[in-house]
Every structure is written in C-alpha cells, then in structure tokens.
Amino acid sequence: MTLASMTGFARRDGAVGATRWTWEVRTVNGRGLDVRLRLPPGWDALDPPSRAAIAKALTRGSVTANLLLETEAGGGAGVRLNETALGAALAAAAEIHRRTGGAPASVDAILAVRGVLEVTDERMDEAAREALAAAILAGLDAALADLVAARRGEGAAVGAVVAAQVAAIAALAARAEASEGRRPEAIRARLAEQVRRLLETGAAFDAERLHQEAVLVATRVDVQEEIDRLKAHVDQARALLAGGGPAGRRLDFLAQEFGREANTLCSKSNDTELSRIGLDLKAVVDQLREQVQNLE
C-alpha cells in the first residue's frame, strides 16, 4: 500500500432519464473520519449506504460529500408530504409545547424538519427511482475511487518529503554521535579547565568531592542514550514509510518522540557544536511534524 494524503477532491456526474446527478467529494485533514453528507430532500434513504461507502474507502480525514440532482424542465418534479415524518414532527412539537409552555411550532418550522417534504418526479415510478438510486451510489463509488487516487498521488509526494526529513534527522544524529565535544577526553579537558580557574581563586577544595562532582557532570552531559533512541525512531519511521497505508498517526507520534529527544539533547549539551546540532534537529522535527499531519 502507498501513503495517502488527507486532502483531495473528486467530482462525478451522470444522468438517468430526465434526472442528472452530480457528486462532489472533498477531504481535508482531520483527527479521525468525520463525514458531512448533504443529500437533496426526499433522498434520505441514500444516507446509510453513502456513509458506508465513504467509510470503506477512507480511514481518516474530514469528508464533505454533496449530491446535486437536477430534473429537466417539464420533467414532472413535484413536492409531497411524508405523512409519517409529518406526524412525528407534530407529535414532537406538541410535547415540547406541553413541557415548556412556549409558543406552538409554526408551519414553517414543521416544514423545515428534514424528511417532512419530499421532492418527487411525477413521471418516476418505483423501478425508475431505484435505478436512479443505484446509479447515484455507483457514481459515489467512482468519485471515491478518484479521490483515493488523488490522495495517494499527493501522499507519495508528502512521503518523499518526509523520507528526506527522516534522512536529515539520521544524519544529524550521526553528527552528534561523532561530535568531538562529547568525547570523554573533551569533557575531561573542559572540566579540568574549569577546575583550574577555580583553583586560581585561592579557594580550598576537597579533592575527593571535586572528583565526584566531575563524574556527575560527565554523566549528565552524556547524550548517547538520546542518540540511540533517535536512531531507533529513524528505523521505525523508515519502516512505516516503506509499509505505506494509513501511517499518519504513528508517524505523528514518532515526530513527537523525535522532538523529545532533540529537546533533551539540547538541554544536556555543554558544547557549542552539539548545541547547534540539537537546534538543527528541532528545526527538522518541526518541519516533519507539519508534513506527517497531512497523511492519512
């Protein structure tokens, strides 16, 4: 499977008899799968199968799917009351009035309840209506296939950017590991210089205590553990990129882990070069986090 972006757009249209249908489906970033489905009045029965088709095709993103229907002039379009929906709306309005004592519901308010009014085609019998519904749902499947292809195309581009950023993190981790400033000899030399300056002040020091403090300082500035974790996270990120599929959430988690290690490396560093590497790491990680949030 390939990576997929969460942003995309697709449009499909067609006609059955005198009725033309158009699907427009667009998606943007989202934490989960959030579907907003807009159907013409009288076609509420398409809601469950349409949502099922969207959930089958997509796993993440904020989805807006609009269905437009147009009937040719003189096509026999009409409006009828759905008696069942009207009865339910009137009963609910009466109960609300009884409980609250407010003004009774207006005719406009009742008619605005979804499903009370249905748009019909006087020339369309049940068989024709079922044929149109089948064509509409097939059109949605086609639009979703186009959308998935578009999202995968963009996902491949985002994946290439993410792969380059992961490679940059790996290179910076290698630079940090090879940094002269974190070698024991360099740390020892810096500590010795600091001790020399203190001794020049003429103050008395406990040599044993000074040695213990030096060991503690050397331990605190050791960043090997952070470097090892950075390497492990790089391996995980590359495996996710190679595996494809819905990897956005896991890559986002890894981006947070990269950030945590970069922050710790900066806080531990007492060397200019290592601090510069840590700041470069933080900059790349911030860019990585922005990119992976676009992935499904």
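The values are calculated or read from the model by the stated rules, or taken from the named source; none is laboratory data. What you are looking at is a predicted structure, and each value in this text was computed from that prediction instead of being measured. Neighbour counts run over all protein chains shown; Cβ positions are idealised from the backbone, glycine included.
Tabulated data
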quantity: Criterion (outside the structural domain of Ser50 (by TED's automatic domain parsing), modelled with pLDDT of 80 or more and buried (at least 17 other Cβ atoms within 10 Å of the Cβ)) met by exactly one of Val166, Val161; calculated: Val166
quantity: Strands (runs of 3 or more DSSP E) within segment 1-60 that include 1 or more residues within 23 Å of Ala85 (Cβ to Cβ) and in the same structural domain as Ala134 (by TED's automatic domain parsing); calculated: 19-28, 33-38
quantity: Among (1) under 20 Å from Asp125 (Cα atoms); (2) surrounded by 15 or more Cβ atoms within 10 Å (Cβ to Cβ) - the single one Thr22 does not satisfy; calculated: (1)
quantity: Count - residues of segment 1-19 that are surrounded by 14 or more Cβ atoms within 10 Å (Cβ to Cβ) and over 30 Å from Glu72 (Cα atoms); calculated: 6
quantity: Looking only at segment 245-286, and only at residues there that are at pLDDT below 95 and of a type in the set (S, T, N, Q), the one that is surrounded by the fewest Cβ atoms within 10 Å (Cβ to Cβ); calculated: Thr272
quantity: Filter result for Pro41 (of a type outside the set (Asp, Glu), modelled with pLDDT of 95 or more and either in contact with a Ser or Thr (Cβ under 6 Å, 6 or more places away or on another chain) or more than 27 Å from Gly159 (Cβ to Cβ) (or both)); calculated: no
quantity: Options Arg175, Arg152: the member that is surrounded by 18 or more Cβ atoms within 10 Å (Cβ to Cβ) and basic (Lys, Arg); calculated: Arg152
quantity: Test: residue in segment 27-43 that is basic (Lys, Arg), crowded, with 17+ Cβ neighbours inside 10 Å and in contact (Cβ under 8 Å) with a residue 24 or more places away in the chain; calculated: no
quantity: Positions within segment 55-87 being aliphatic (A, V, I, L, M) and at pLDDT below 85, in sequence order; calculated: Ala73, Ala77, Val79, Leu81, Ala85, Leu86
